[in-house]
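Structure first, then comments.
The values are calculated or read from the model by the stated rules, or taken from the named source; none is laboratory data. Remember, predicted model here, so these are calculated numbers, not experimental data. Quick reminder, even Gly has a Cβ in these numbers, built from the backbone with ideal geometry, and neighbours come from all protein chains shown.
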Amino acid sequence: MRPRLMLLLALVTAPLSAQSNAERMANDRYSRSHDYDLIHERIVLDRFNWDSTTLRGRVSVTLRALRPAFDSVVLDAGALLEIGSVHAAGVNGRNGVALAFSHVRDTLVVRLPRAVALGDTVRFTIDYAGKIDNGRGLTFIEADSLPPRRPRQLWSQGEGDNNHLWFPTYDFPNDRMTWEVEATVPRGFTAVSNGRLALDRLNRDGTRTMGWRQDKPAVSYLVSLIVAPLVKLTDRWKGVPVDYYVYGHDSALARPLFGVTPDMIDVYSRLTGVPYPWAQYAQTTVADFFGGMENVSATTLVDWLPDPKAYADRPWYQHILIPHELAHQWFGDYVTTANWANIWLNEGFAEFMPGQYWAAKGGRHFEEDYYLDEYDEFLQIDARRRMPVAALNSVNIYPRGALILRMLKQYLGEARFWAGVHRYLADHALGVATTDDLRQAFLAATGENLDWFWDQWIYQAGFPDFAVTAAWDSSLSLVTLNVRQTQVDTLPADSAGLRFTVPSAFRMPLAVRIGTAGGDVISRVDLTEREQVIHIAGVPSAPTMVVFDEDNTILKTLVFDQPTSWLATQLERDPTLWNRWWIIGQLSRRKTDAAARAALITAALDADYFRTRQQAIQALAEFSGSPVRDALLAAMADTSAAVRASAAEGLGAYADPAVIEVVRKAWRDEQSYAVRAAALGSLLQLEPASAPAYLEAGLRARSYRDAIVDAALRGIAQRGDTTMLDLLSGAVETTENAGFVLAGLAARGNARALTLLADHLVSPRIVVRRRVLRAFQAVLPAALAREQLTAGLARAPDDAVRAELRVALERLRQ
Ligand SMILES: [Zn+2]
């Protein structure tokens, strides 16, 4: 699973009964007990009804008893599934005797006609009428012809435990089964599910029946069904079908986006030593999806297909989302976490692997660039809530998991790391695993007991905050480093008195590189103490730089005050992107230091990787003067759109004719949406008299994910501009965020903004009503929102809209 916003992490977690410390959780403690082994389910569905959000279902269950005298089967089945009958399997697929059953809340108990022995197989069929609380388990979506255009469709979302809301099953990850999904869908629709397509039949009544078979066992949260009018584009990887299912109007956008998939499958197969394990790989796009979900062999993805121009801005969709979900086919689907306390085994690896794909494509800078983004995200999450990766309900599983695995790879080296990963996948193939199973796999593959690594990085929280000083003694040719770890363990205890801990001293080997006129001195040191003095001998001339932790092998923060000349030297010489980023941060604070400014200008124009050039450009916002302006102007010709966008943003501070001309040209001619958006923001500053015209043009501009519209909206919000309310109101129909700005103006007392916004509450388009409700809830004062929602109730055109408004009112009261 990969939500676009990390705040949605709660989606993947199961209800929490009691908090405990991480190590106790990261084993089988949170695995559910069960007294049967689910072997196979045949799930047959028809009569999908979008008005009533209902369907008809029949599930044939095969399972094996795990205890003697097994006489009743406890299945998970949503309370809204109306169970009509349960029959024992008869001969030739016919129903056998009717079985007694009881269905209380989400539990279905089937009584067997006689108790069976441990190991015996039991077969029965459940017929039911399924009512869906729309959005739970299944999501029914109506067609909409305006942006975001979407056809009528439905999609499932099982993880964590929602699949039992549309078919009876065992809804916990510690059991695997094979399955079939057979769906009869309306004329012109396609049903996409897991495994291989075994049946595709047009029926006399115009409906279509498609049957899919998942022949290799997987866990039930990975059962997937999508029903929509879709076109299929085909690809292959070594004979395995690789298919892309998208809306007809998106078909031209699919191949440029998904065409990387076979190569990604190839790289992952090679790195892990486990060839792609499933019968197909389908990627299907759907509406209103939170990001992506790695349903086995049939990933579900949001329908945000980039247009050709969007590739200039490295779209998240291709950079992270596609390789993340694909990685889950190994990590999560082939080997699955045994319970939700170990979910980082799924998500940490899935978040780690895209960096390895990009490394395989572009080398170390591509790799480091990817993990620099992860580091940014990690620090933000850690600042909100510090938790270990291996813990129930951990909010720190994605970037922290990815960064820990990368650190492990740096520590072990490529060969031993991948040998351990291969061992993990091989030992738990088509099975489940816990956090300690991963450690055992590395022990088996490398002979190294990584107990210490697991203890400090996986079972405990936090990371080292280093405070370093360096001094050179010319008489002794000696550099002395004082290394302190300053992280503090302040995590609170939970109600049970247990709490997560932060190590007072992280242990790790690292390398220090000291530059001198006569060459570099490299010293390898073992950090083991909270305070440590390191002597590095053989430094006969004054250091020109001191690199603490060459190659950035430790997840950390660093305080290390150094002369500007050292930083400038390192910035030119150090290939490591994290180190460069750290130096740029140091230099950006030396606002009156001409040498710092010069070093940043050199990096902005000459660094060998765009990310460094971009960071240097951004840091130059702290400085001023014509050399900075000239550097920004020169950077407008950079080959990287990211650099040009940052330069365009920075130029907003330099109102002179040469600058205005360049920024206008970017706004007019640029291919990159990000650059145009940045140029728009700067033109509002550079040419305030023309701001209304620019804002209007921005609101009308088409761009991927509304990059330019959002820049205009930011401009309107910052200026508190109320001169284009009608245009804003129109934009609510076709863009995501205009409602928020309108709500912001309404909250600041603009009555017309409020009226226009409230009108959309009763829009005939559900997409628009949802947008406006989100804006209401997020931006308007509660009393004002309540008043408008109540007034909207009187104007609601039908019961559905009235019901939505009531739910929204109810939420506001909570
Ligand atoms: Zn994921």
Exercise. What are the pairs, 6+ residues apart or on separate chains, where a residue within segment 386-400 that is under 14 Å from ARG29 (Cα atoms) has its Cβ under 8 Å from a residue that is aromatic (Phe, Trp, Tyr) and away from the ligand (no atom under 16 Å from the Cβ)?
Worked result: ALA390/TYR459; ALA391/PHE500; LEU392/TYR30
Exercise. Which one of the conditions (1) away from the ligand (no atom under 15 Å from the Cβ); (2) more than 21 Å from ARG406 (Cα to Cα); (3) charged (D, E, K, R) does ASP369 fail to meet, given that it meets all the rest?
Worked result: (2)
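Take ASP205 and tell me if it is modelled with pLDDT of 95 or more and farther than 30 Å from LEU165 by Cα. Outline the logic, then answer.
Values: modelled with pLDDT of 95 or more: yes; farther than 30 Å from LEU165 by Cα: no.
For ASP205, the condition - modelled with pLDDT of 95 or more and farther than 30 Å from LEU165 by Cα - is not met.
What's the total number of residues in segment 252-309 that are hydroxyl-bearing (Ser, Thr, Tyr), over 20 Å from SER193 (Cα atoms) and away from the ligand (no atom under 16 Å from the Cβ)?
At the first step, the residues of segment 252-309 found to be hydroxyl-bearing (Ser, Thr, Tyr) are 261, 268-269, 272, 276, 281, 284-285, 297, 299-300.
Add one more test, that the residue is over 20 Å from SER193 (Cα atoms), and what stays is 268-269, 272.
Still in the running and away from the ligand (no atom under 16 Å from the Cβ): 269, 272.
Adding up the residues that qualify gives 2.
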Exercise. Any chance segment 588-597 includes a residue that's charged (D, E, K, R), touching a Gly at 6+ places or on another chain (Cβ under 8 Å), in a helix (DSSP H, G or I) and surrounded by fewer than 21 Cβ atoms within 10 Å (Cβ to Cβ)?
Worked result: no
Exercise. If LEU118 satisfies every condition in (1) hydrophobic (A, V, I, L, M, F, W, C); (2) surrounded by fewer than 17 Cβ atoms within 10 Å (Cβ to Cβ); (3) within 21 Å of GLU804 (Cα to Cα) but one, which is the exception?
Worked result: (3)
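Sort through HIS319, HIS249 and tell me the only one that's in contact (Cβ under 8 Å) with a residue 60 or more places away in the chain, in a helix (DSSP H, G or I) and either more than 16 Å from the ligand (Cβ to nearest atom) or within 24 Å of GLU374 (Cα to Cα) (or both). Quick ask: steps written out before the conclusion?
Working: HIS319 fails: in contact (Cβ under 8 Å) with a residue 60 or more places away in the chain.
Criteria check complete, one pass: HIS249.
Residues that are farther than 23 Å from ARG314 by Cβ: list the helices (runs of 4 or more DSSP H) wholly contained in segment 605-698 that include at least 1 such residues. Quick ask: steps written out before the conclusion?
Values: elements: 610-619, 626-635, 641-650, 657-669, 673-686.
In segment 605-698, 626-635, 657-669, 673-686 are the helices (runs of 4 or more DSSP H) which contain 1 or more residues that are farther than 23 Å from ARG314 by Cβ.
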For this session: Select the strands (runs of 3 or more DSSP E) contained entirely in segment 128-238, then report the ones holding at least 3 residues which are out of contact with any Pro (no Cβ under 7 Å at 6 or more places or on another chain) and among the charged types (D, E, K, R).
Result: 196-202, 208-218
For this session: Those residues that are under 30 Å from VAL302 (Cβ atoms) and touching a residue at least 24 places away in the same chain (Cβ under 8 Å), I need them from segment 683-699; list them, please.
Result: LEU695, GLU696, LEU699
Problem set entry | strands (runs of 3 or more DSSP E) fully within segment 1-114 counting 2 or more residues that are away from the ligand (no atom under 16 Å from the Cβ), touching a Lys or Arg at 6+ places or on another chain (Cβ under 6 Å) and at pLDDT 85 or above | 36-49, 54-65
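Could you please let me know if ALA808 is without any contact (Cβ under 8 Å) to a residue 60 or more places away in the chain, touching a Phe, Trp or Tyr at 6+ places or on another chain (Cβ under 9 Å) and not charged (D, E, K, R)?
Details: without any contact (Cβ under 8 Å) to a residue 60 or more places away in the chain: yes; touching a Phe, Trp or Tyr at 6+ places or on another chain (Cβ under 9 Å): yes; not charged (D, E, K, R): yes.
Taking the combined requirement at face value, the residue satisfies it.
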Exercise. Can you tell me how many residues in segment 707-749 are within 26 Å of PRO306 (Cα to Cα), in a helix (DSSP H, G or I) and among the acidic types (Asp, Glu)?
Worked result: 2
For this session: Taking only segment 59-79 into account, find how many residues are surrounded by fewer than 18 Cβ atoms within 10 Å (Cβ to Cβ) and closer than 30 Å to GLU142 by Cβ.
Result: 1
Exercise. With respect to PRO503, is the statement that it is under 26 Å from ILE458 (Cα atoms) and surrounded by 14 or more Cβ atoms within 10 Å (Cβ to Cβ) true?
Worked result: yes
For this session: Determine if segment 194-211 includes at least one residue that is under 26 Å from the mean Cα position of the chain (by Cα) and either buried (at least 17 other Cβ atoms within 10 Å of the Cβ) or under 20 Å from VAL286 (Cα atoms) (or both).
Result: yes
For this session: Sort through ARG406, ARG439, ARG423, ARG400 and tell me the only one that's among the basic types (Lys, Arg), within 16 Å of the ligand (Cβ to nearest atom) and within 27 Å of the chain's Cα centre (by Cα).
Result: ARG400
Exercise. Looking only at segment 496-553, which residues are basic (Lys, Arg) and either touching a residue at least 40 places away in the same chain (Cβ under 8 Å) or in contact with an Asp or Glu (Cβ under 7 Å, 6 or more places away or on another chain) (or both)?
Worked result: ARG499, ARG507, ARG513, ARG530
Exercise. Any residue in segment 723-733 that is without any contact (Cβ under 8 Å) to a residue 40 or more places away in the chain, under 22 Å from THR790 (Cβ atoms) and crowded, with 19+ Cβ neighbours inside 10 Å?
Worked result: yes
Exercise. Quick one: is LEU527 within 36 Å of the chain's Cα centre (by Cα) and modelled with pLDDT of 95 or more?
Worked result: yes
Exercise. Among the residues of segment 330-348, is there at least one that is among the acidic types (Asp, Glu), within 14 Å of the ligand (Cβ to nearest atom) and closer than 21 Å to ASP175 by Cα?
Worked result: yes
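Can you spot a residue in segment 459-480 that is in a loop (DSSP other than H, G, I, E, B), touching a helix residue (DSSP H, G or I) at 6+ places or on another chain (Cβ under 9 Å) and on the phi > 0 side of the Ramachandran plot?
Filtering segment 459-480 for residues in a loop (DSSP other than H, G, I, E, B) gives 459-464, 474-477.
Narrowing the set further to residues that are touching a helix residue (DSSP H, G or I) at 6+ places or on another chain (Cβ under 9 Å) leaves 459-463.
Checking which are on the phi > 0 side of the Ramachandran plot leaves us with 462.
Scanning segment 459-480, I find at least one residue that is in a loop (DSSP other than H, G, I, E, B), touching a helix residue (DSSP H, G or I) at 6+ places or on another chain (Cβ under 9 Å) and on the phi > 0 side of the Ramachandran plot, so the answer is yes.
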